[in-house]
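Beneath this line is the structure, given in structure tokens, with notes to follow.
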Amino acid sequence: MLLVIDVGNTNTVIGVFENNRVKEDWRIKSIRDMTPDEFNITAKALFRDAGIDPEKIEKVVISSVVPPALAILDKFCRKYLNIEPLWVTPQAARSLMPILYHNPAEVGSDRIVNAVAAYDKYRTGLIIVDFGTATTFDVISENGEYLGGAITPGVAVSSEALFRKASKLPRVEIFQPPEKVIGKDTSDSIKSGIIYGYAALVDGMVERMRDETGGHLRAVATGGLSPLISKVSRTIENVEERLTLEGLRIISERLSAR
């Protein structure tokens, strides 16, 4: 079995593959202050509940944008799994796809992981919208080249800033969009602004990117809030919640084959 781990600024996504198919996956709070022993307790509990024997894990591949997580996960893998993990560095990820950024080193490995996975599946021009701590837009050409993208504050980051700075506004949960855009109370007005407002941002960016490239690019969404925003977006065509995990699996296979 293959264990893949993607450490983001807010969440860490963990997946176990068996015969190239996801056996189970989880999303937990990101690793910053955990010790390797504490992470082991969390991981073993997840494995146990899913009926996964950690002794059957043969390989580990990890991508991280959180520097403190590197030492934690490296020691966890070596101490508890007796495996040296494969790290998907920006340099390794970029070697699998042409990067047409002015400075390719600036593109995060997580964005290339998503791009590799999406292009491997769809084999066409793409806009990948990743709803994470930041909402990122990554544009892939029909020939599989990374053209560039855009970055905006994420839904949760923007919402938290609103609640902190506007002391009279109540904190609301944004699990479901309100029935109408025009809210009739403060709670629905906030939900409308956040959910429909972000969908409008996404639609506007996707349309501008399509205009700029002169063709129809398939819009694919991923990240924790992708199912929610896709419900009210006019441009998102597919939701791939496991895109990063699939990308790590694909990159692991391609790097190992070299």
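The values are calculated or read from the model by the stated rules, or taken from the named source; none is laboratory data. Bear in mind the structure is a predicted one, so any value in this text is a computation, not a measurement. Cβ coordinates were reconstructed from backbone atoms using ideal geometry, including for glycine residues, and neighbour counts include every protein chain displayed.
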Of all residues making up segment 121-133, the number that are surrounded by fewer than 17 Cβ atoms within 10 Å (Cβ to Cβ) and touching a residue at least 40 places away in the same chain (Cβ under 8 Å): 3
- line: By residue number, the members of segment 221-257 that are outside any helix (DSSP H, G or I), small (Gly, Ala, Ser) and touching a helix residue (DSSP H, G or I) at 6+ places or on another chain (Cβ under 6 Å) are Ala221, Ser233
- request: Tell me, please, whether a residue that is surrounded by 14 or more Cβ atoms within 10 Å (Cβ to Cβ), in the same structural domain as Leu162 (by TED's automatic domain parsing) and not in a helix (DSSP H, G or I) can be found in segment 188-209.
  value: no
message: Given (1) in a helix (DSSP H, G or I); (2) surrounded by 15 or more Cβ atoms within 10 Å (Cβ to Cβ); (3) at pLDDT 90 or above, identify the lone condition not met by Ile62.
response: (1)
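Residue-wise test of (1) within 19 Å of the chain's Cα centre (by Cα); (2) of a type in the set (A, V, I, L, M, F, W, C).
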{"position": "Arg78", "(1), (2)": "no, no"}
{"position": "Asn114", "(1), (2)": "yes, no"}
{"position": "Ile127", "(1), (2)": "yes, yes"}
{"position": "Gly132", "(1), (2)": "yes, no"}
{"position": "Glu145", "(1), (2)": "no, no"}
{"position": "Ala150", "(1), (2)": "yes, yes"}
{"position": "Val155", "(1), (2)": "yes, yes"}
- prompt: Say we look at segment 146-179 and pick out the residues that are touching a Leu at 6+ places or on another chain (Cβ under 8 Å) and outside any loop (DSSP other than H, G, I, E, B); which of these is surrounded by the fewest Cβ atoms within 10 Å (Cβ to Cβ)?
  reply: Phe163
query: Is it true that Lys29 is exposed (fewer than 15 other Cβ atoms within 10 Å of the Cβ) and closer than 13 Å to Thr12 by Cβ?
result: yes
- request: State yes or no: is Val65 in contact (Cβ under 8 Å) with a residue 60 or more places away in the chain and among the β-branched types (Val, Ile, Thr)?
  value: no
field: strands (runs of 3 or more DSSP E) (entirely within segment 1-47) containing at least 1 residues that are charged (D, E, K, R) and under 14 Å from Leu70 (Cα atoms)
entry: 2-7
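The rows are residues; the columns are (1) in contact with a helix residue (DSSP H, G or I) (Cβ under 8 Å, 6 or more places away or on another chain); (2) outside any helix (DSSP H, G or I).
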| position | (1), (2) |
| --- | --- |
| Ile72 | yes, no |
| Phe76 | yes, no |
| Glu84 | yes, yes |
| Arg111 | no, no |
message: With at positive phi and touching a residue at least 12 places away in the same chain (Cβ under 8 Å) as the only criterion, which of Gly108, Gly144 stands out?
response: Gly144
- request: Report yes if some residue within segment 213-225 is charged (D, E, K, R) and either touching a Pro at 6+ places or on another chain (Cβ under 9 Å) or without any contact (Cβ under 8 Å) to a residue 60 or more places away in the chain (or both); otherwise report no.
  value: no
- request: Report, ordered by the first and then the second residue, all pairs with beta carbons closer than 8 Å, sequence separation of six or more or different chains, a first member in segment 166-190 that is touching a residue at least 24 places away in the same chain (Cβ under 8 Å), and a second member that is in a loop (DSSP other than H, G, I, E, B) and surrounded by fewer than 11 Cβ atoms within 10 Å (Cβ to Cβ).
  value: Ile190/Pro170
